[in-house]
1. What ³J(HN,Hα) values, in whole Hz, does the Karplus curve 6.51 cos²θ - 1.76 cosθ + 1.60 give for the stretch 179-189 when θ = phi - 60°, with x put for Gly and Pro?
2. Given H placed 1.01 Å from N in the peptide plane, which residues other than close sequence neighbours of G86 have an amide H under 5 Å from its amide H?
3. When the Kirkwood hydrodynamic radius is evaluated over all pairs of different C-alpha atoms of the stretch 54-95, what value in angstrom, to one decimal, is obtained?
4. What ³J(HN,Hα) values, in whole Hz, does the Karplus curve 6.51 cos²θ - 1.76 cosθ + 1.60 give for the stretch 241-250 when θ = phi - 60°, with x put for Gly and Pro?
5. Would you mind computing, in nm to one decimal, how far apart the modelled labels at V262 and V181 are, each placed 7 Å from Cα along Cα→Cβ?
6. Determine the per residue accessible area of the stretch 30-96 with all protein chains present and a 1.4 angstrom probe, expressed in square angstrom.
7. Distance cut-off 18 Å, Cα to Cα: go down the list K37/K79; K97/K226; K69/K90; K79/K99; K99/K226 and report the pairs above it.
8. Work out how much length F162 to S95 would gain on full extension: take 0.36 nm times their residue separation and subtract the Cα-Cα distance, in nm to one decimal.
Amino acid sequence: MMKKNLLVLIGVLSVLFSYFLAPSICAGETPQETQLKARATQFWTAWSKGDVEKLGLLVREEEREAFAKIQRFQLTDFKIDSVVIGVDSKSAMVSTKIKRMFPFSTAPVDWTLENQWVYEKGDWYLHYPQAPTAGTQDPKGPGLFGHGATAPPSAPPTDVVFDSTTYDFGSVPASTVLRHVFTFENRGTQGLRLVRVSTPCQTWHMDPRCVGLVAHSDGSFYVPGKKGQIEAHWQNALIPRKVDETIELYFSNGQSFSLRFVGTVTASKTTKP
């Protein structure tokens with residue numbers, strides 16, 4: 001009887017093994033990759049919930065103070081797309097597909113982010129490179145969206161070409177809806193990612209009181225020859241003022257741009273009786 005029960009137990013365990021573990025083995029996923037995916041999932045889950053304390057614990061200890069100062073955007077969904085562990089097994093790149101909201105947008109925008117992780121103290125931690133010192137240029141853009149430590153190019157890349165980087169809307173009365181589309185093209189030989197679009201109003205809390213520029217892109221990956229767009233909106237153009245706002249862009253090849261949105265908002269015209 002005991003032998004029969006043992007055989008039944010072995011059969012049940014075999015079924016469970018095939019159902020839960022076999023897919024991972026077939027996919028060739030290593031224990032390190034599984035561990036890293038779990039840590040990355042914890043990171044983006046904490047991000048989506050606004051759990052700042054949990055986020056900090058998933059960042060390298062010496063980089064937590066700098067990480068705590070970054071502007072965070074609203075995340076509605078995410079999926080770990082790929083994990084590539086370096087030959088030293090101490091560093092890795094994690095690609096994550098996310099859906100993020102922009103201020104006053106009606107639908108989330110699809111993005112793909114790539115983050116560097118390092119293995120230390122028995123677990124994986126997000127690597128958040130420190131800001132460059134004065135007089136230097138960070139070749140990989142903001143640390144959270146960068147591609148890890150890479151050697152700076154011998155000459156500045158010129159793959160991304162914009163039709164224009166300044167839009168002067170002239171003089172318009174208050175309450176005018178201001179919108180402009182900046183267009184660019186990838187004229188290089190490799191696909192490029194747009195790793196960050198930043199304006200003063202695009203913050204973690206998306207404060208509706210913010211007066212200024214909001215922008216978003218039509219995608220995050222551009223193959224050679226592909227054209228892209230950055231759509232800019234001026235929020236709450238109700239008060240007469242001079243406007244000179246910028247959109248900061250960072251591409252995966254190290255190129256960065258400041259798109260200017262300039263002009264004058266005048267007092268609203270009133271109709272005389």
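The values are calculated or read from the model by the stated rules, or taken from the named source; none is laboratory data. Please read these numbers as outputs of a predicted model, since none were measured by experiment. For neighbour counting, all protein chains shown are included, and Cβ atoms are generated from backbone atoms with ideal geometry for every residue, glycine included. The accessibility values were calculated without ligands, DNA or RNA, using every heavy atom of the protein model including side chains. Shrake-Rupley method; radii C 1.70, N 1.55, O 1.52, S 1.80 Å.
1. Computed from phi, the couplings for the stretch 179-189 are 8, 8, 10, 8, 10, 9, 9, 8, 9, x, 10 Hz.
2. Amide H neighbours of G86: S91, A92, M93.
3. 12.7 Å
4. So the Karplus estimates, Gly and Pro as x, are 5, 7, 10, 8, 10, 10, 10, 9, 10, 9 Hz.
5. Each label point is offset 7 Å from its Cα along the Cβ direction, giving 2.4 nm.
6. 53 Å²
7. The pairs that break the limit, which is 18 Å between Cα atoms, are K97/K226; K69/K90; K99/K226.
8. Numbers: separation 67, 0.36 × 67 = 24.12 nm, distance 2.67 nm.
So the chain would gain 21.5 nm between F162 and S95.
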